[in-house]
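Here's the structure we're looking at; comments come further down.
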Amino acid sequence: MSAVLEYPFAAPELGGAVPLADGIRWLRLPVPGGLKHINVWLLEDGDGWTLVDCGMDVPAARAAWDGPLARALAGRPIRRIVCTHHHPDHAGLAAWLASRHGAEVWMSATEAAILAALLGTENDPRLALARTEAFARQGLPMSEELRAITSLAGYRRIVSGLPPGIRTLAEGDELSAGGARWVVRIVRGHTDGLVLLHAPEAGLLISADQVLPRITSNVGIYPERDDPDPLASFLDSFPALAALEPEPLVLPSHGDVFRGLRARLDDLAAHHAATLAQVVALVPAPATALEVAGRLFRAALDPLNRMLAFGETLAHLEHLARRGRLRVEDRPGEPRRYGPA
């Protein structure tokens with residue numbers, strides 16, 4: 001049974017802003033597709049602002065920054081942009097906003113490197129080809145639409161560029177903004193170096209995509225990632241988050257601000273335990289990741305979500321294989337197969 005979470009604040013409208021506390025504003029930007037929105041956080045910082053995440057480079061998000069969100073800035077510049085990770089809804093407008101405001105962009109070193117590599121495929125087609133071929137080797141059939149996604153042509157269209165001189169954040173670093181002291185926590189799972197910001201005295205946690213109140217984060221294996229078992233990394237991040245005292249108000253990237261972090265972590269752990277058991281049941285005989293994904297995700301999916309479903313299925317299969325709950329069959333020139341242990 002899912003935990004009942006408390007949602008103490010009404011969300012802003014798309015393209016709008018609402019105050020959360022003195023010096024902290026909750027902004028909501030439009031995102032195309034099923035997500036519909038991303039939450040970003042505006043923190044007072046001297047005579048300017050620190051912005052945590054910035055939205056995807058799509059016309060509706062730019063229009064929001066030119067309209068209602070420009071008014072939310074009250075004529076004060078953005079001095080610093082913290083991108084929690086490289087995904088386009090989080091880092092897509094960083095270069096554009098940094099150029100406008102003269103702002104510094106801060107990320108973890110891991111996420112900055114991935115951002116640079118993915119954007120670098122525009123100048124080096126070999127990188128894009130290698131990524132597409134990696135998916136194909138794992139058994140994912142390449143339609144024209146899916147090839148455009150795996151080669152990152154779509155990614156480059158919704159990211160405004162690589163910000164110059166990215167400053168890097170590390171575990172335990174501290175930032176002052178919004179009248180609070182924020183401690184940097186670097187976690188893995190959803191990505192390889194995702195930045196969380198914890199304000200212990202204020203009782204706040206900017207949880208990015210690691211902990212969401214109503215949906216589960218995509219935890220998948222993708223060619224640009226180094227983590228061979230991202231599901232283990234995701235679950236391993238939970239104990240430290242559950243131990244935060246006092247239990248913080250959670251500021252997630254999608255959904256509403258909520259209370260009930262520990263209960264939500266329990267729900268997410270239970271969800272993945274159930275999914276792992278389901279995957280084991282779906283492979284009574286050896287099967288490829290593509291075949292298992294078709295059994296696990298039965299609804300018709302667009303190309304992007306087909307890729308995400310494939311990556312998530314692969315992550316669960318590898319997690320099970322590493323723990324001896326599934327057996328792996330590798331044959332030259334064929335996708336890996338997973339079967340009963």
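The values are calculated or read from the model by the stated rules, or taken from the named source; none is laboratory data. This is a predicted model, so every value here is computed, not measured. A quick note on method: Cβ atoms are made from the backbone with ideal geometry, for glycine too, and the neighbour counts reach across all protein chains shown.
Identify, from the list Pro141, Pro228, Pro223, the residue that is under 20 Å from Ala289 (Cβ atoms), modelled with pLDDT of 95 or more and of a type outside the set (Asp, Glu). Outline the logic, then answer.
Numbers: Pro141 fails: modelled with pLDDT of 95 or more; Pro223 fails: modelled with pLDDT of 95 or more.
From the options Pro141, Pro228, Pro223, the qualifying one is Pro228.
Out of the residues in segment 167-186 that are farther than 24 Å from Arg25 by Cβ and β-branched (Val, Ile, Thr), state the one that is surrounded by the most Cβ atoms within 10 Å (Cβ to Cβ).
Residue satisfying both the conditions and the ranking: Ile186.
If Tyr7 meets every condition in (1) hydroxyl-bearing (Ser, Thr, Tyr); (2) out of contact with any helix residue (DSSP H, G or I) (no Cβ under 6 Å at 6 or more places or on another chain); (3) within 19 Å of Gly178 (Cα to Cα) apart from one, which number is that one?
Looking at each condition in turn, Tyr7 falls short on (3).
Could you give every pair whose Cβ atoms fall below 8 Å, whose first residue belongs to segment 22-36 and is modelled with pLDDT of 95 or more, and whose second residue is of a type in the set (Val, Ile, Thr) and in a strand (DSSP E or B), counting only separations of at least 6 or pairs across chains?
Matching pairs, first to second residue: Arg25/Val18; Trp26/Val18; Leu27/Val40; Arg28/Ile38; Arg28/Val40; Leu29/Ile38; Leu29/Val40; Val31/Ile38.
Are any residues in segment 167-215 of a type in the set (Lys, Arg) and not in a loop (DSSP other than H, G, I, E, B), and if so, which ones?
To start, the set of residues in segment 167-215 that are of a type in the set (Lys, Arg) comprises 167, 181, 185, 188, 214.
Scanning segment 167-215 gives Arg167, Arg181, Arg185.
Just one of Trp41, Trp49 is over 22 Å from the mean Cα position of the chain (by Cα) and at pLDDT 95 or above; which is it? Give the derivation first.
Details: Trp41 fails: over 22 Å from the mean Cα position of the chain (by Cα).
Exactly one of Trp41, Trp49 is over 22 Å from the mean Cα position of the chain (by Cα) and at pLDDT 95 or above, namely Trp49.
Looking at segment 278-287, can you tell me whether even one residue there is surrounded by fewer than 16 Cβ atoms within 10 Å (Cβ to Cβ) and touching a helix residue (DSSP H, G or I) at 6+ places or on another chain (Cβ under 9 Å)? Even if it seems obvious, please write down each step before you answer.
Going residue by residue through segment 278-287, those that are surrounded by fewer than 16 Cβ atoms within 10 Å (Cβ to Cβ) are 278, 281, 284-286.
Filter again for touching a helix residue (DSSP H, G or I) at 6+ places or on another chain (Cβ under 9 Å), leaving 278.
The answer is yes, given that some residue of segment 278-287 is surrounded by fewer than 16 Cβ atoms within 10 Å (Cβ to Cβ) and touching a helix residue (DSSP H, G or I) at 6+ places or on another chain (Cβ under 9 Å).
Is there a residue in segment 8-30 that is touching a strand residue (DSSP E or B) at 6+ places or on another chain (Cβ under 6 Å) and within 30 Å of Ala274 (Cα to Cα)?
no
Could you tell me whether segment 113-120 includes any residue that is touching a Pro at 6+ places or on another chain (Cβ under 9 Å) and either more than 30 Å from His198 (Cβ to Cβ) or not assigned by TED's automatic domain parsing to the domain that holds Gly333 (or both)?
First, pick out the residues of segment 113-120 that are touching a Pro at 6+ places or on another chain (Cβ under 9 Å): 115.
In the following step, the residues that additionally are either more than 30 Å from His198 (Cβ to Cβ) or not assigned by TED's automatic domain parsing to the domain that holds Gly333 (or both) were identified as 115.
Scanning segment 113-120, I find at least one residue that is touching a Pro at 6+ places or on another chain (Cβ under 9 Å) and either more than 30 Å from His198 (Cβ to Cβ) or not assigned by TED's automatic domain parsing to the domain that holds Gly333 (or both), so the answer is yes.
Quick one: which helices (runs of 4 or more DSSP H) lie wholly within segment 222-341 and hold at least 2 residues that are not assigned by TED's automatic domain parsing to the domain that holds Leu20?
On the way: elements: 230-236, 238-242, 261-281, 289-296, 303-322.
Correct list: 261-281, 289-296, 303-322.
Please go through segment 307-341 and pick out each residue that is β-branched (Val, Ile, Thr) and surrounded by fewer than 18 Cβ atoms within 10 Å (Cβ to Cβ). Please lay out each step first, then the result.
Filtering segment 307-341 down to residues β-branched (Val, Ile, Thr) leaves 313, 328.
Selection gives Val328 alone.
Which numbered condition in (1) assigned to a loop (DSSP other than H, G, I, E, B); (2) more than 19 Å from Leu308 (Cβ to Cβ) is the only one that Asn218 fails?
With respect to (1) assigned to a loop (DSSP other than H, G, I, E, B); (2) more than 19 Å from Leu308 (Cβ to Cβ), Asn218 is out only on (2).
Against the conditions (1) of a type in the set (A, V, I, L, M, F, W, C); (2) in contact with a Ser or Thr (Cβ under 9 Å, 6 or more places away or on another chain); (3) not in a helix (DSSP H, G or I), where does Ala112 fall short? Just the number, please.
With (1) of a type in the set (A, V, I, L, M, F, W, C); (2) in contact with a Ser or Thr (Cβ under 9 Å, 6 or more places away or on another chain); (3) not in a helix (DSSP H, G or I) applied to Ala112, the lone miss is (3).
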